Amino acid sequence: MKQLLRKIRFIYLIRIKWRNYYFGKNPYIGRLVYMWAKHSIKVGDNFYIGKFSQIECDAEIGDNVMFANRVALIGRYDHHYQQIGVPIRLASRISDADYNWKGLDEKIVIADDVWIGYGAIILSGVKIGQGSIIAAGSLVTRNVEPFSIYAGVPARKM
């Protein structure tokens, strides 16, 4: 019964709630995961995303990628913070139809076989190379070399 409920939940998420995004074969989606993108999210085969994680920007994720719990992929320029005289709370946002500031063409690209640790945050425009590991609690602001381990705030190669 538990397996059936999980299967129904995945069908609902992938075919209804997130129907505008692409998912490969055999995804696992933890509880209370949130996804939104201005243009697209593309996820490869055997993707695992832990509970309470978020993808809030355009992203391309390879095969056999694993996100621990509370991982966040977020936009670097989601609010137009340079509008003079406009509080940031009221400034234009990337989700607005007429948004024309920075970040529109930025996406996160995560290659195959990447493991992202608990609570890591990755900013848009970053590319993470194949076989890499991002340590728990890291803030990734720059590209990550393939087959390497990055940790810290901001994340650096170990």
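Read-outs: derived from the displayed coordinates by stated rules, not from any lab. Bear in mind the structure is a predicted one, so any value in this text is a computation, not a measurement. Methodologically, a virtual Cβ is constructed for each residue, glycine included, from the backbone with ideal geometry; neighbour enumeration extends over all protein chains shown.
With runs of 4+ DSSP H residues as the only contributors, calculate the mean residue ellipticity of the chain at 222 nm using -39,500 (n - 2.57) per run, divided by the residue total and rounded to the nearest 500.
Details: 1 runs with 11 residues, N = 158.
After summing the helix terms and dividing by residue count, I get -2000 deg cm²/dmol.
Over the alpha-carbon set of the chain, work out the extent along each principal axis and list the three values in angstrom, largest first.
Each principal axis gives a Cα extent; for the chain these are 56, 40, 21 Å.
Considering amide H positions built from the backbone, and no H for Pro or chain starts, which residues 5 or more places from Ala59, or on another chain, come under 5 Å of its amide H?
Long-range HN contacts for Ala59: Ser40, Ile41, Lys42, Ile108.
In nanometres, what is the gap between the two model label sites at Trp36 and Arg9, each 7 Å from Cα along Cα-to-Cβ?
2.2
Which residues among the range 110-143 fall inside the zone where the amide N is under 20 Å from a point 7 Å beyond the Cα of Arg93, along Cα→Cβ?
122-125
If you plug each phi of the range 89-98 into the Karplus form 6.51 cos²θ - 1.76 cosθ + 1.60 with θ = phi - 60°, what whole-Hz ³J(HN,Hα) values come out, in order, with x for Gly and Pro?
4, 9, 5, 5, 10, 4, 6, 6, 4, 9
Of Lys51/Lys107; Lys7/Lys51; Lys42/Lys127; Lys127/Lys157; Lys107/Lys127; Lys17/Lys107, which pairs sit farther than 18 Å apart, going by alpha carbon to alpha carbon?
From the list (Lys51/Lys107; Lys7/Lys51; Lys42/Lys127; Lys127/Lys157; Lys107/Lys127; Lys17/Lys107), the Cα-Cα distance tops 18 Å for Lys51/Lys107; Lys17/Lys107.
Amide H to amide H under 5 Å from Asn46: which residues, 5+ apart in sequence or cross-chain, H placed 1.01 Å off N in plane?
Lys25, Asn26, Asn64
Does the range 29-96 come out rounded, prolate or oblate, given a ≥ b ≥ c as the square roots of the eigenvalues of its C-alpha gyration tensor, rounded meaning a/c under 1.5 and, failing that, prolate meaning a/b above b/c?
prolate
Rounded to the nearest 0.05, what FRET efficiency do Tyr81 and Val153 give with R0 = 22 Å and r taken as the Cβ-Cβ distance? Could you check?
Step by step, r from the Cβ atoms, then E = 0.60.
If amide H atoms are built 1.01 Å from N in the plane of the peptide, which residues on other chains or at least 5 residues away come under 5 Å of the amide H of Leu73?
Here Gln54, Ile55, Glu56, Ile122 satisfy the definition.
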